[in-house]
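Notes for the one structure printed next.
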Amino acid sequence: MSLLDNLNPEQLAAVTLPNQHALILAGAGSGKTRVLTTRIAWLIQTGNVSPGGLLAVTFTNKAAKEMLTRISAQLPINTRGMWVGTFHGLCNRFLRTHYKEAGLPQLFQILDSQDQLAAIKRVLRSMNVDEDKFPPRQVQYFINAAKEEGKRAAQTEVYDDFSRRCVEIYAAYEEQCQKEGVVDFSELLLRTFEVLSRNEILREHYQNRFRHILVDEFQDTNRLQYRWLKLLAGPQTCLFAVGDDDQSIYRFRGANVGNMGDFERDYKVENVIRLEQNYRSHGHILSAANALIANNAKRLGKNLWTAAGEGEPLRIYEAQSDGYEAAWIAEEVQSLVNDGHMRRDIAILYRSNAQSRVLEHALFSQGIPYRVYGGLRFFERMEIKHALAYLRLLASPEDDGAFLRVVNFPTRGIGARSIEQLQDAAKVHGTSLYAAVPLLAGKAGTVLAGFTRIIETLKSETAGLPLPEVVEHMLEKSGLIAHYKAERDGADRVENLNELVNAAASFMQEAQSGQGPEGEPVDGNDLGTFLAHAVLESGENQAAEGQDALQMMTVHSAKGLEFHAVFITGLEEGLFPHEQSVNEDDGLEEERRLMYVAITRARTRLYLSFAQTRLLHGQTRYNVASRFIDEIPEGLVKWLTPKLRGQAAWMAPASEWPATPTKLPPKPYVSQSSPGHGFHIGQNVLHAKFGQGVIVSSEGQGADARLQINFGRQGMKWLALAYAKLTPA
């Protein structure tokens, strides 16, 4: 069979391009991996290049292995010596060969993320740096971000006292790594780039060697990776970049979608081929994705289509609360399974990790096995285990396991030697570690007594409080919230900790309605019972290895995957799109790209859901539907619940509210958004039923009328600007 059999016209054109630079805009499900591997095989088979004369770069080891496997199946060649791999893998290979030029020992070691963090902590201790003021993980991100920009400590900008100190730590860390003969992941790329930059002979050698460079997922490259590719591409080299700017969702990792446009301009690319035929999804799903992403201004442009037919409309479900949303999803999943679908072909996607908690609870209650893809179940997450350990000590100070987990977390100067002395004293006197603290003298006794005072103060201050308030108070006073807020990647962990407050509130509500973990009456305000409930939910319903299980994941984790049925949950303003992204440059466009990725994971059935109310910090937050729902044409969707008549456009903090309310519309208009959660405008009459929400102002008339609604709950104030589709009364 010919290599070129069964390729569509655009794929064939991409595979057989002449020796020129090319940009392949490969839409979701358009067969980009097939195009890449077939291009490599075709170049080799036709004599355009030898196996050793090309370089292929991917972003994951899995993708690199799949590429080599496919090439082996297409051609009778040994692929072991080919330069096909990740950026880090290829740079490691280069530095192993040229360790002398790189100033490294021959057997240099590579630090993984945890090893790097430990090395940074050693530097901080040697410099007598206060880890509370300069958290090691935050310093780690500072160093890696500088390296990914191609900057050594000496070239890194200083903005304030904090960045000045971080630069000093970076310099000391570089010196320590060089002395010990170790490199971290970011160093692999930076060191390779530096060697190629300054060594003209070596650079020309590789430029002459690699006549073809092929790059997968080009939209995910950062600035340094693009500069590295430009160094390797000589005058005779052809760059073949494959990517999808509409699926660029890793800006937080340093990915620069602008590299695609820069590549097109820098190399005067004449061959821009769009792979638009999709082999994954039905027509309505693709039309929804196309309509949504068309709202982004900064696009290179393409339109997905399929020969598979229109298929089913998208299903939209509006729930009263996040609990009802989760329960409905669990029932719908069970219905799909009863219809013969495998659980592993069904995925639940969410914008934030913290959303998984209420979904996991619903699946647990329905007895549906599930697996959290690329992450941990809610009650297994590190920050949740830390929080539960504090709660366990409040419930029972004799719990040695809980004591050891958090006695020095967040760090409070309690070292291993102090713990050893405490364990010895506890063993001699036959007591718990907590009870043995007063038996210690000296520095160890002093620092450990400081920890037990925190626990005693927490017990005193939370006595008699409702369970959610106990949890919330503990999170603040223990320092957990402050600790994770100080970390650059701590936002998800803070959201998870806040979700623990919601878990306590939900537990209380279920207990009050007689829905205990096993159906028996329980005291919903009892801390011990809640902790037992947490253990049960973390251990039950775990999908065994190889067992058919529902897939749960964040949208970021879903990229590259596909499923028969997909549920996109929590489609509310402030959640998806996320409130932190809406006010950032390109933030909203990246959120829309994220939604585009979510939609295009579905093959045949897609569900979109949102909730009128959602627990936030144990309190009810009133929501408006995500603008992304409005951006999908009505002809493509089927509402499973009565459709909202008034739709939300955005949410903003109270600081951005208008200074003075505008006048009410002079003519009588009526709009009803949903039962019990609507608004009514009449002549000189205005009435709202949004829980504790009140309308602040309104302006405009008819279809252009706007309402500004203040949702206020314990200081958590949001402004929802609702575009009401008003009709005359």
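Computed quantities for the displayed model
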quantity: Answer from G29, G81 - the residue that is in contact (Cβ under 8 Å) with a residue 24 or more places away in the chain and open to solvent by less than 40 Å² (accessible area, probe 1.4 Å); calculated: G29
quantity: Those residues of the stretch 408-443 which are within 24 Å of L480 (Cβ to Cβ), open to solvent by less than 20 Å² (accessible area, probe 1.4 Å) and among the hydrophobic types (A, V, I, L, M, F, W, C), in sequence order; calculated: I414, L422, L433, V437
quantity: Flag if L615 is touching a helix residue (DSSP H, G or I) at 6+ places or on another chain (Cβ under 6 Å), crowded, with 23+ Cβ neighbours inside 10 Å, at pLDDT 95 or above and under 25 Å from L359 (Cβ atoms); calculated: no
quantity: Unmet criterion (only one of (1) at pLDDT below 95; (2) assigned to a helix (DSSP H, G or I); (3) hydrophobic (A, V, I, L, M, F, W, C)) for V183; calculated: (2)
quantity: Selection status of E584, surrounded by 22 or more Cβ atoms within 10 Å (Cβ to Cβ) and without any contact (Cβ under 8 Å) to a residue 60 or more places away in the chain; calculated: no
quantity: The stretch 302-321, subset out of contact with any helix residue (DSSP H, G or I) (no Cβ under 8 Å at 6 or more places or on another chain) and in contact (Cβ under 8 Å) with a residue 60 or more places away in the chain, residue nearest to L615 (Cα to Cα); calculated: S321
quantity: Single residue of L239, L224, L229 found to be open to solvent by less than 50 Å² (accessible area, probe 1.4 Å) and either touching an Asp or Glu at 6+ places or on another chain (Cβ under 7 Å) or without any contact (Cβ under 8 Å) to a residue 12 or more places away in the chain (or both); calculated: L224
quantity: Matching option when the condition is β-branched (V, I, T), surrounded by fewer than 16 Cβ atoms within 10 Å (Cβ to Cβ) and without any contact (Cβ under 8 Å) to a residue 40 or more places away in the chain, among T46, T38; calculated: T46
quantity: Top-ranked residue in the stretch 106-134 [being more than 18 Å from V183 (Cβ to Cβ) and part of a loop (DSSP other than H, G, I, E, B); ranked as modelled with the highest pLDDT]; calculated: M127
quantity: Filter result for E157 (open to solvent by 10 Å² or more (accessible area, probe 1.4 Å) and either assigned to a loop (DSSP other than H, G, I, E, B) or touching a Gly at 6+ places or on another chain (Cβ under 8 Å) (or both)); calculated: yes
quantity: A319 being out of contact with any Leu (no Cβ under 6 Å at 6 or more places or on another chain), open to solvent by less than 30 Å² (accessible area, probe 1.4 Å) and of a type outside the set (S, T, N, Q); calculated: yes
quantity: Any pair with Cβ under 8 angstrom, 6 or more apart, that starts in the stretch 603-616 at a residue that is under 19 Å from L497 (Cα atoms) and ends at one that is modelled with pLDDT under 90 and small (G, A, S); calculated: L615/A505; L615/S506
quantity: Residue match in the stretch 596-605 (condition: farther than 18 Å from A294 by Cβ, open to solvent by less than 20 Å² (accessible area, probe 1.4 Å), of a type outside the set (S, T, N, Q) and modelled with pLDDT of 90 or more); calculated: yes
quantity: Inter-residue pairs, beta-carbon under 6 Å, first under 15 Å from K32 (Cα atoms) and in the stretch 61-74, second part of a helix (DSSP H, G or I), 6+ apart; calculated: M67/T37; R70/T37; I71/T37; I71/I40; I71/A41
quantity: Among residues of the stretch 271-303, those that are part of a helix (DSSP H, G or I) and touching a strand residue (DSSP E or B) at 6+ places or on another chain (Cβ under 8 Å), counted; calculated: 5
quantity: Meets criteria (touching a residue at least 60 places away in the same chain (Cβ under 8 Å), part of a helix (DSSP H, G or I), of a type outside the set (D, E) and open to solvent by 10 Å² or more (accessible area, probe 1.4 Å)) for Q176; calculated: no
quantity: Members of the stretch 308-349 that are among the acidic types (D, E) and either assigned to a loop (DSSP other than H, G, I, E, B) or in contact with a Phe, Trp or Tyr (Cβ under 8 Å, 6 or more places away or on another chain) (or both); calculated: E310, E312, E318, E325, E332, D339, D345
quantity: Residues of the stretch 521-537 classified as at pLDDT below 75 and either touching a strand residue (DSSP E or B) at 6+ places or on another chain (Cβ under 6 Å) or open to solvent by 30 Å² or more (accessible area, probe 1.4 Å) (or both), total; calculated: 5
quantity: Check on T457, farther than 22 Å from E383 by Cα and open to solvent by 30 Å² or more (accessible area, probe 1.4 Å); calculated: no
quantity: Residue match in the stretch 372-379 (condition: open to solvent by 20 Å² or more (accessible area, probe 1.4 Å) and among the small types (G, A, S)); calculated: yes
quantity: Identity of the residue in the stretch 116-137, free of Cβ contacts under 8 Å to residues at least 12 places away in the same chain and not basic (K, R), that ends up least open to solvent (accessible area, probe 1.4 Å); calculated: A118
quantity: Hits in the stretch 245-270 (condition: touching a residue at least 12 places away in the same chain (Cβ under 8 Å) and assigned to a helix (DSSP H, G or I)); calculated: D245, D246, Q247, R251, R253, N259, M260, G261, D262, F263, E264, D266
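The values are calculated or read from the model by the stated rules, or taken from the named source; none is laboratory data. Not measured: the values here are computed from a predicted model. Every residue, glycine as well, gets a Cβ built from its backbone with ideal geometry; the counts of neighbours run over all protein chains shown. Remember, those area values only see protein heavy atoms, side chains included, never the ligands or the DNA or RNA. Shrake-Rupley method; radii C 1.70, N 1.55, O 1.52, S 1.80 Å.
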